[in-house]
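Written below as structure tokens is the structure these notes are about.
The values are calculated or read from the model by the stated rules, or taken from the named source; none is laboratory data. The structure displayed is predicted, hence computed values, not measured ones. Backbone-built Cβ (ideal geometry, glycine too); neighbour counts: all protein chains shown. Quick note on the areas: whole protein, heavy atoms, side chains included, nothing else; ligands and nucleic acids left out. Shrake-Rupley method; radii C 1.70, N 1.55, O 1.52, S 1.80 Å.
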Amino acid sequence: MTVSTKLVLAGGFGVLLGALSLEPVFVNLDWVLPVVLVLAAVLATSVAARRFRGLAPWAPLLELASGLVVLTAVFVPANAFLGVVPTWTSMTDIRELLGEAGYAVRTQVSPAQTLDELLFLATLGVGVVAVAVDILAVSLRRPAVAGLALLVLYAIPTAALVVGIPWWPFVGAAVGYLLLLFVDGREAMMRWGRRPDDGVRTPTFGLLASQRIGGLAIAVGLALPLVLPSLPAGILRTAGNGIGDGPGTSLNPLATLAGELTLPEPLDLLRVETNVEQPYYLRAISLETYTDQGWAPGDLDGTFDANAGDLPGPPPGSPTRQVQAQIQVLDQDDRFLPTYYATRDVDSAGDWRFDEISGTVWSRNDRTAGLTYSVDAAEPVPTVEDLQAAGDLDSEDQVQRRFTALPLVVRPEITNLVRTLVADAEGPYARTLAINNFFTNPANSFLYSLSTEPGTSGDLLVDFLTNRRGYCEQYAASMAVMLRFANVPARVVIGYTPGTRNAGLWTVTTDDAHAWVEAYFEGIGWVPFDPTPLGGGRGIEPAWAPRIDNDPNATTTSAASNPSTGSGAAPTGQLEPEIPISPDSASGGGTGVLDPVTTLISLVVVLAVGALVTPAVLRVAARRHRLRAAGAEDGILGAHAAWDEILATAVDLRSTTVRSETPRAVTRRLAREHSFDGAAAEAIRLLATAEERARYAPQAQAHVEGDLVAATRTVTRAIRQDAGRRERVRAVLLPPSALHRLAHDVAGLRVRARTRLHSMRAPQTARTR
Amino acid sequence: MLSRSALGDLDDPGTAPLGLDAVREATGRIAGNIERVIEGKPEVVRLAIVVMLAEGHLLIEDGPGVGKTKLAKALARSIDSSVRRIQFTPDLLPSDVTGVSVYNQETHDFEFKPGAVFANLVVGDEINRASPKTQSALLECMEEQQVTVDGTTYRLETPFMVLATQNPIEMEGTYPLPEAQRDRFTARVSMGYPDVYAEVAMLSGHAGSDPLDELKPVSSAHEVRALIHAVHAVHVSDAVRKYLVDVIHATRRSPELRLGGSPRSSLQLLRTAKAQAALAGRSYVLPDDIQQLAGSVLPHRVIMTPEAQIARRSAEQVITDVIRTVPVPRGTAD
């Protein structure tokens, strides 16, 4: 096996191990196959390309191409030529997939569903990292720097996971990295024939240095998580003691919800057959009491027998549509019967009671397990005009009093926020929409996440509105509180999103457990609003609460549909002065969102790119500086500068520098190694003499007549011409001379610091003596 | 022969220091003359001249019959100056070297009969065959350039150079020179066997008569004094001086050496470096000079550790490796 093949395989193994870090990011292992396929394609191309001399320089391009073919074959075969060859349309598909991936990244919570777009993103990322590692480790022979690319892989779970990161993805990446360094170190050793001498500095990172870098990286990586604060989950958790004891068995609806949503594998709960194309959410229970402990259900009334039919519904005359459903309970077991709003009739075994105020169907003795039942409901389908026409309820109204009740003290952060939001809104619907838009406007950077960050304000609600990270429970709870403060009767509803449709049947799983808000409008009844940014097509967007992030014209639409009250979403710009919103992002919607994940990833990428580019930039700057100095008046400094440039050029092209070499020795060696022609030999002799005199001759003789700049150019050109193309590219991208200089500077700083420390300590010792 | 005033010539304002071109021309002339006799060994010849200009002494070490004595003689003969040859034998007495006071019947007084060292060039053949007592008598003269007999001190003439030859110490009937005495020699050079062509040329050249007999002097003691004076003027920058000391210190730290270079070796390395710079027509010393000469000036002074000896490492190899660990200074001209 050739050395480059070994390096390619070691690098590929490193990327594969590094890709293990994707495991905690996704709910299942569907990502493995595409990732392995792309990796295999890239590696095979790399090995094959390096077999043929002429192809080797093009290896990275060929690898990218083969990776693209695999991505096309796996993800967008439909529009590809023969299912594999990318075409213009298949590339458009890929662009769309990327766009969806951007949305999914913002809305999905980790562990994420293995949606196609996310799989594509992950596979693409691993492929790009594999090519980057290949370029760095094999083409440029800088395996130590390839660690940066592997670090990008490791950064994915770091950025995506809020809960603790398992230790093994890191160990995987680290082992891969060490393997890479080991292969290169062995190769470097063999090239020398023996261990490099102390006095010999090689332009490669030696084996020892590699081990030191690797060891340091592991130490830092392991120590850092210990220092960083851990991030426990949980917010607005009310009476619950954290997560419930399983799906559907807890008495606390909120705990049940959290428990269902955090199941490692979703359970199928219900199978639903309805007469409508798209049913709205299934309700289980609504929470009507808000205290400083959070939301809780009110007392349930058992007057109505749900099976008796003709249950009290929305106000007469309100716009509704008839929804009938046959529901089969699979893995659910609860005291609340999931039904559609507003339930008019239930046909079910057992003693099920209907609570008029909360609209809940419940039972004292029976449970849902094993039931098959049917539901008749009159679903409210108000038009925007209906809602705009609705006025405020009388302040003495039973519903108004009951569903706007708040604790005596509400935090000023919330009250001020609500006041600002609804300042220009007239009518309860305009106020409701303004508050709803506050949550759904992407400019406000709300993020769906099953785990939440603890805040510092002492109030869970304020924490959520500050951190803007949470799941349906927090969204619904917050919005309901804000609605109540805005004098709109509101309650939190717990239930299920419609689920997934298959052959006319809707399957509802634990992943579909949800919480949302209902607001009461006079003459219409309870109307649902969902402030949670749900991904994967689970949420429903009613006509009366369009999501701003789905509609680029949402702001103008709502303003147009509500001309008397003005824009509902516009005030957010003035409301949150601490969040920089560019005019584009405020009006365009969806663009310019600064969520922490993207920020962190971009930061890592920027840092990595910066770290990669820095040596090259430093090198160019140093060359310009030296050539300018070489042409300047001062012959001594000029000679030094010109000579430094010659040495740096030689080092960049992997020529070995020995510290005990005199200018004459260097001249002899370079002329031999690079077979200089007459002009180059003449030029380097001039430079060596100039340097030698500048260094060692008496002042009077320190100057040499001659054009040092031209000589420098001649010699560096001769050295470069002699080198291979790969070496020249590497010399430009990752010049060892600049890396050494950096290392030298750091070492110099250390020495200076130590000397200073010493001088600071010295007077004290003198005194003690 | 007694010449206390000889030293005074150096400081004589009338003896203007020679220009570097003149130095190069003169030394080239001497070297060319010697090479007529010693074929194929230009670097040895050059080193001999360097040592002479550095006012040092040369130890020529090698097996019998490779031209040790011939080199010494050729150098001596190329310079029109006093030359004495001492064949060291076990029964040679110190007074044979230094000289002796004898009673003069006519003047009724003791009269000093100078020994063999009273010459500009003294060729000491097979120095390690003499008894240590006689060896040290010569070595004292070498170091101090003076002879003390019966309480009277006699200065030796300048130039004064001892070219001693020595058989390898493993040979029979030898008294190895102690390291303290080896230290007095500025440089040790090994003749080495001539290559095939040089040996063939030698056979054809030497067949009829001894070319040594035909060798004519091409220089004089006076000129050599002027050359030495010119060497004094060679510039040594602080950086180079520091580098030299770094090299000597490195030999003292080397794990392969039991005894590193002495301060005297620093001094002599510097002098030879200056001489070599002058020979090259350069008015300043380079680290290159020091690197080249260290291989001749240092190895006979250091003592290797038993481990290094067992590893069959030669002192020259060790010194070469030591030099590779010392960074060359890039100090600016001063």
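Of note:
- Buried area at the A-B interface (accessible, heavy atoms, 1.4 Å probe, summed, Å²): 1900 Å²
- Rolling a 1.4 angstrom probe over the protein heavy atoms with all chains in place gives the stretch B:8-229 an accessible area of 45 Å² per residue.
- Linear extension gain, A:Arg53 paired with A:Arg624, 0.36 nm per residue minus alpha-carbon span: 202.2 nm
- Estimated [θ] at 222 nm from DSSP helical runs (n ≥ 4, -39500 (n - 2.57)) normalised by residues in chain B, nearest 500: -13500 deg cm²/dmol
- Whole-Hz ³J(HN,Hα) from phi, Karplus 6.51 cos²θ - 1.76 cosθ + 1.60, for the stretch A:130-136, glycine and proline x: 4, 5, 4, 4, 4, 4, 5
- Extending 7 Å from the Cα toward the beta-carbon at both A:Val36 and A:Thr420 defines two label points whose distance is 5.2 nm.
- Interchain or long-range residues, amide H under 5 Å from B:Arg85's placed H: B:Val123
- Contour excess over end-to-end distance, with Cα ends at A:Gln278 and A:Leu637 and 0.36 nm allotted per residue: 121.1 nm
- Links that overshoot a 20 Å alpha carbon limit, given the list B:Lys216/B:Lys274; B:Lys73/B:Lys133; B:Lys113/B:Lys216; B:Lys68/B:Lys113; B:Lys41/B:Lys73: B:Lys216/B:Lys274; B:Lys73/B:Lys133; B:Lys113/B:Lys216; B:Lys68/B:Lys113
- The stretch B:237-331: trypsin sites (Lys or Arg not before Pro) falling in loop per DSSP and having at most 10 other Cβ within 10 Å: B:Arg312
- Placed amide H near A:Phe529: partners under 5 Å, 5+ positions off or other chain: A:Val517, A:Glu518, A:Ala519
- Protection proxy ranking of A:356-362, B:219-225, by the mean of other Cβ atoms within 10 Å over each peptide's residues and highest first, is A:356-362, B:219-225.
- Residue by residue along A:694-706, Cβ atoms of other protein chains within 10 Å of the local Cβ number 6 on average.
- The mean sequence separation of alpha-carbon pairs under 8 Å and at least six residues apart, normalised by the residue count of chain B, gives a relative contact order of 23 percent.
- Rg followed by Dmax, in Å, when the stretch B:24-99 is reduced to its Cα trace: 13.7, 43
- Label-to-label distance, nm, for residues given as A:Asn365 and A:Glu385 (7 Å Cα→Cβ offset): 5.2 nm
- Ranking A:Ala743, A:Leu686, A:Val666 by how far each Cα lies toward the positive end of the dipole of the stretch A:648-749 (charges on Cβ) leaves A:Ala743 at the top.
- Electrostatic dipole magnitude of the stretch A:622-729 [Cβ: Lys, Arg +1; Asp, Glu -1; Cα centre; debye, to 20]: 460 debye
- Pairwise FRET efficiency - A:Asp292 versus A:Val617, Cβ, R0 = 51 Å, nearest 0.05: 0.35
- Protection-proxy order for peptides A:719-727, B:101-109, each taking the mean of Cβ atoms within 10 Å per residue, highest first: A:719-727, B:101-109
- If R0 is 30 Å, the Cβ-Cβ spacing of A:Leu408 and A:Asp299 corresponds to a FRET efficiency of close to 0.90.
- Efficiency of FRET from Cβ geometry, B:Glu144 and B:His222, R₀ 25 Å, rounded to 0.05: 0.60
- Along each principal axis, taking the top coordinate minus the bottom one, the Cα set of chain B gives 67, 51, 50 Å in descending order.
- Amide H partners (placed H, <5 Å) of A:Trp352, local residues excluded: A:Ala306, A:Asn307
- Binned Cα-Cα distance frequencies in the stretch B:176-334 - 5 Å width, integer %: 1, 8, 14, 16, 15, 13, 12, 10, 6, 3, 1, 0
- Peptide B:276-288 has a mean shielding of 3, counted as Cβ atoms of other protein chains within 10 Å of each residue's Cβ.
- Cα-based Kirkwood hydrodynamic radius, the stretch A:596-692, one decimal, Å: 15.5 Å
- Phi to ³J(HN,Hα) by Karplus 6.51 cos²θ - 1.76 cosθ + 1.60 over the stretch A:725-731, Hz, x for Gly, Pro: 5, 4, 5, 5, 4, 5, 4
- Cβ neighbours within 10 Å from other chains - mean over A:658-665: 6
- Column: log10 I(q)/I(0), Debye, Cα scatterers of the stretch B:235-325, q = 0.14, 0.18, 0.19, 0.24 Å⁻¹: -0.46, -0.72, -0.78, -1.14
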